[in-house]
1. Being free of Cβ contacts under 8 Å to residues at least 60 places away in the same chain and within 18 Å of Asp159 (Cα to Cα) is the filter; apply it to region 191-213 and report the residue that is surrounded by the most Cβ atoms within 10 Å (Cβ to Cβ).
2. Return a yes/no flag: does region 214-232 have any residue that is more than 18 Å from Leu167 (Cα to Cα), part of a loop (DSSP other than H, G, I, E, B), open to solvent by 10 Å² or more (accessible area, probe 1.4 Å) and not charged (D, E, K, R).
3. For Leu188, all conditions in the list (1) closer than 16 Å to Phe240 by Cα; (2) open to solvent by 50 Å² or more (accessible area, probe 1.4 Å); (3) aliphatic (A, V, I, L, M) hold save one; what is the number of the exception?
4. Restricting to region 132-158, name every residue that is open to solvent by 40 Å² or more (accessible area, probe 1.4 Å) and without any contact (Cβ under 8 Å) to a residue 24 or more places away in the chain.
5. Residue pairs, Cβ under 7 Å, 6 or more apart or interchain, first in region 171-186 and within 27 Å of Gly206 (Cβ to Cβ), second open to solvent by 60 Å² or more (accessible area, probe 1.4 Å). List them.
6. Does Ala182 count as in contact with a Phe, Trp or Tyr (Cβ under 7 Å, 6 or more places away or on another chain), under 24 Å from Cys128 (Cβ atoms) and open to solvent by 10 Å² or more (accessible area, probe 1.4 Å)?
7. Modelled with pLDDT of 90 or more, in contact with a strand residue (DSSP E or B) (Cβ under 6 Å, 6 or more places away or on another chain) and open to solvent by less than 80 Å² (accessible area, probe 1.4 Å): is that true of Ala161 in this structure?
Amino acid sequence: MRGALHAQRQPHPPRRSRRERRIEHTQQLQVRTTRRRRQVATRGGVILGFLAAMVVYPVMGTIAPYANAAEAIPGVVKGEAPTTATAILGAGPQFASSDLPLPTVDDSSAAILTANDVPVVSNLLPDCDPDFDPNMVNGQLRSDQLCQLWVSGEYMRPDAAMALAALNEQFKTEFGTDICIASSYRSLSQQYSTKATRGYLAATPGTSMHGLGLAVDFCRTHASGVYYAWLSRNAGTYGFWNPDWAKTTKYEPWHWEYMTYDAY
C-alpha cells in the first residue's frame, strides 16, 4: 500500500530563484505593454484618418479653388492690400438712383389722423382754428373753443372736429355719403334735458364727453350693419372709438368719442 501511494506522487518542480521570477514577470509586462501600444496606435490612426476625411480635405478643397478670389471682390485691386472689411464684405452694395417723386399731401385730406397730432390747417373745415384755449368747463365751451361740422348746428372741439371731418371724407369715398350726425356738443342745459328724457343712458350733467366737445352720436342708420363694421375698422385711425361701456352696460353703437390725453 505504501508503495502504491509512493508511485502516485508526482515530483515537485524545482523551486526558482527570486531572480528568475523577476525576469519572467518583467517579460510578461513588456508583452502587455507592447500590445497596448499597438492598440493605441491603431485607434489613433483610425481617428486621424477620420479627421482628415471629414475636416482637412473638405477645407483644403474649398480654399484651393478660391485662392485668388479676393481679386474678384469689388474694391480690391491686385497688388494692393485691401482692408479686412473690404476683403470680407466687398465694397458694399451699389444702389441704383430712384427718380420716384416725393409723396405729397392730398389737399382734400389735410387733417389729423391721430388724436394727439395737432393739425396746422384743415381744408375740410376751413373756418376751424386749430389753436384753441384748452381750459374748458364741461357744458360751457365758448364759440372760439368749438368748430362747426358739416351739419348745421353741430359742433365739436377743434381737434376732434377736424379728425371727424377727415374720417367723414373717407366714409364718403366708401359709401358716397356723409356720416349722419344726430348729436355732438351739448351745453350744460342740454345735458340736463337729455338726462331727463333718457335717464340712466345719459351721463350725469357736467360729466358728459358731449359737454367737452369730444363725443358725437351718429344716426342709428349709420351705427349698424356695414357702416358700423367700417367705422370699427377705420375710426381708430382718426382717433375715434366706440367705448367699451357702449358695447356692454349701455348699448350705444352710435356713440363715439375722440381719444385725447387731456380727457382720459
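1. Keep residues of region 191-213 that are free of Cβ contacts under 8 Å to residues at least 60 places away in the same chain, which gives 191-204, 209-210.
Next, only the ones that are within 18 Å of Asp159 (Cα to Cα) stay: 209-210.
Values: Met209: 21, His210: 25.
Looking at residues that are free of Cβ contacts under 8 Å to residues at least 60 places away in the same chain and within 18 Å of Asp159 (Cα to Cα), I get His210.
2. No, there is no match, as no residue in region 214-232 is more than 18 Å from Leu167 (Cα to Cα), part of a loop (DSSP other than H, G, I, E, B), open to solvent by 10 Å² or more (accessible area, probe 1.4 Å) and not charged (D, E, K, R).
3. Result: Leu188 fails condition (1) only.
4. Asp133, Asn135, Val137, Arg142, Ser143, Asp144, Gln148, Ser152, Gly153
5. Pairs found: Ser184/Tyr155; Tyr185/Tyr155.
6. Details: in contact with a Phe, Trp or Tyr (Cβ under 7 Å, 6 or more places away or on another chain): yes; under 24 Å from Cys128 (Cβ atoms): yes; open to solvent by 10 Å² or more (accessible area, probe 1.4 Å): yes.
Criteria met by Ala182.
7. Yes; evaluated as a whole, the condition is true for this residue.
The values are calculated or read from the model by the stated rules, or taken from the named source; none is laboratory data. Just so you know, these numbers come straight off a predicted model, no measurement behind them. So basically every Cβ, Gly included, is an ideal-geometry build from the backbone, and we count neighbours across all protein chains shown. Note: accessible area is taken over every heavy atom of the protein model, side chains too, but ligands, DNA and RNA are not part of it. Shrake-Rupley method; radii C 1.70, N 1.55, O 1.52, S 1.80 Å.
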